[in-house]
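Structure first, then comments.
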Amino acid sequence: MTTDERIIAFGKRVREVRRNKGISQEKLAELAGIDRSYMGNIERGEKNITLKKAYEICEALGVDINDLV
């Protein structure tokens, strides 16, 4: 598990944007091509994801990467 505040902040921001858009965690995971449990790990800041995966999440949410960092 990570304690890097940047990773935790990114995950919190993903969750916030997802909820504001009314998208379930399961649906976002599907749209981004990520396993739902892995998406939960991302939102809790437990996984240090690749830049490619971050962009896939952005595309699924319809936001720019700057909106999540």
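Within region 6-34, the residues that satisfy the criterion of being exposed (fewer than 15 other Cβ atoms within 10 Å of the Cβ) and more than 20 Å from residue 52 (Cα to Cα) are 16, 19, 20, 21, 22, 24. Checked against (1) modelled with pLDDT under 95; (2) farther than 21 Å from residue 3 by Cβ, residue 49 meets all criteria but (2). If the condition is being closer than 17 Å to residue 65 by Cα and either in a loop (DSSP other than H, G, I, E, B) or among the basic types (Lys, Arg) (or both), then region 1-16 contributes 6, 12, 13, 15. Counting the residues of region 17-45 that are within 11 Å of the chain's Cα centre (by Cα), in contact (Cβ under 8 Å) with a residue 40 or more places away in the chain and outside any helix (DSSP H, G or I) gives 1. Of the residues that sit in region 52-69 and are among the hydrophobic types (A, V, I, L, M, F, W, C) and under 11 Å from the mean Cα position of the chain (by Cα), which one is nearest to residue 3 (Cα to Cα)? Restricting to residues being among the hydrophobic types (A, V, I, L, M, F, W, C) and under 11 Å from the mean Cα position of the chain (by Cα), the top hit is 69.
The values are calculated or read from the model by the stated rules, or taken from the named source; none is laboratory data. Keep in mind that this is a model prediction, so the values were computed, not measured. Reconstructed Cβ throughout: ideal geometry from the backbone, glycine too, with neighbour counts over all protein chains shown.
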